[in-house]
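Everything on this sheet refers to the single structure shown next.
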Amino acid sequence: MSKADAGQTGSVPHREAGHWDELAWVERDLFRDPDGGIYEPAQSRSGEYREAHVVMSRGCDWGCHFCTEAIIRAPGELRRSAHDVIEELAWLVGQSYVQRIHFVDDNVFPQIAVSSRRETEALTWTTEFLDGVTKMREGGGLDLGWRGIMRFEDFLKYEERVDGWLEKLAGSGCKLLAFGVESGEEVRRWHLKGGAVTNEQIEGIIRRLAEVGILSKGYFIIGGPDEDAATAGRTIDFARDAGFHLAYFALYKQFRAFVEVSRKLDDGRERGSERETHRRKYATFEQLREDFGALILDCRTSTEAENAFGYPYSSRRLEEAHRAMHDLRKAGFAFRGLFKYNDFHSDMDVHEEHAEVWTSGREGRTRGFLRTVRRAYFEFYARDAFVDIYRRLTKAGY
Ligand code: SF4
């Protein structure tokens, strides 16, 4: 029986990467949206492409201090064979007419720059993957494209080791690469995630990618120990000026602390009333549901801008923001399309957090934090330049 007849192998949760290839691929049209329609493959924003999500690996060998991967999924990454991935892509293209793949791995390629990584193995996997997708595209005359996320450090090492790295990426149909930048300040970035990539190196990577037609997305964090309006401001400025085509501003949360507390409550090292245990074990967050579009369009004066975004934008800047929002709406852009897990602490001033999320100043934590988050989205999205970028993104199948 072919593996494409999904559901046949029995899903044993293997812990060995090699065993993964024996498992069935996911029958994506089993998943339904709330209205009963097929959830995936989904149409791209322009309606031109069909997109599916594919997982090639689990876990991560990096150890960013804000991330739970290293403490939950140790020991490090498990990855399917490139051969199995290519076969699944061919199956998706043949059976579901998929033209865009979103790889939802923590790292789209093996993490070659982590010291514990075997370089040859990483290079072999990546070369096999890129060659395989390129052949599929060329052989079938397919407009197959993909996107994924990786670390800058890995990118630089691949660029050093693989001849024609950028051209190979573009030739394999890479449309967009995302990177965790986290902060616009180098020292702060180093504290958050280790590694030692400079702002100049980041700008260079984004520029070189753009030269071969690959778009880029930056993931940034707002909040965290010692973060205040000034440090977050430098992150916002860097996100806007470094050349990224998309930016996501995650709201800092102490997930590792929650995992640790949860484990202590589970194994009895800490105890409390049922109510207290539940509160500490299951941190609750709300989704940030603010309508940024309306917020921007409703803002008419510098005073209103300062109240909403923490910055007294000039009337000229507000005019540009309004123009951009109207044009973006016409092009189908909506802020809610950006947010999938942008949960936040709506009552930071009331509950004690495991660590400071925001250095509040006089205005109170929640208010100051929210104004900065709004400012981040205002600065990056509500500008004339982003209107063209958005058109390029949707054309590319985003
Ligand atoms: S590289 Fe990404 S997945 Fe890996 S530890 Fe850092 S944030 Fe987590």
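No lab work stands behind these numbers, since they all come straight from the coordinates. Just so you know, these numbers come straight off a predicted model, no measurement behind them. A quick note on method: Cβ atoms are made from the backbone with ideal geometry, for glycine too, and the neighbour counts reach across all protein chains shown.
Things to note:
- In the chain, the DSSP beta bridges split such that about 25 percent are antiparallel, to the nearest 5.
- Taking Lys175, Lys395, Lys330 and counting other C-beta atoms within 10 Å, the order from fewest to most: Lys330, Lys395, Lys175
- Residue-normalised convex hull volume from the C-alpha trace of region 158-257: 111 Å³ per residue.
- Under a 5 Å amide H cut-off, with hydrogens placed 1.01 Å from N, Glu182 pairs with Tyr219, Phe220, Ile221 among residues at least 5 apart or on other chains.
- Filter on Lys168/Lys253; Lys193/Lys395; Lys157/Lys253; Lys168/Lys395; Lys168/Lys330 - keep pairs with C-alpha separation over 25 Å: Lys168/Lys253; Lys193/Lys395; Lys157/Lys253; Lys168/Lys330
- In the chain, the DSSP-assigned H stretches of four residues or longer account for a calculated mean residue ellipticity at 222 nm of -13500 deg cm²/dmol, using -39500 (n - 2.57) per stretch and the full residue count as denominator.
- Region 76-204: relative contact order as a whole-number percent, Cα under 8 Å and 6+ apart: 25
- Lone cysteines, the chain (no partner Cβ under 4.7 Å): Cys60, Cys174, Cys299
- Distance between modelled label sites at Ser314 and Asp237, nm, 7 Å Cα→Cβ extension: 1.7
- Residue exposure sequence - Phe179, Phe378 - by fewest surrounding Cβ within 10 Å: Phe179, Phe378
- Charge tally around Val387: other residues with Cβ under 12 Å, Lys/Arg +1 each, Asp/Glu -1 each, net +2.
- Computed extension gain for Thr303 through Asp226, at 0.36 nm per residue and net of the alpha carbon distance, reaches 25.0 nm.
- Likely footprinting exposure, Val162, Val98, Val133, Val55, fewest C-beta neighbours within 10 Å first: Val55, Val162, Val98, Val133
- More than 34 Å apart - percent of Cα-Cα pairs taken over the chain: 35
- Residues Arg269 and Ala334, FRET efficiency given R0 of 41 Å [Cβ-Cβ distance, rounded to 0.05]: 0.35
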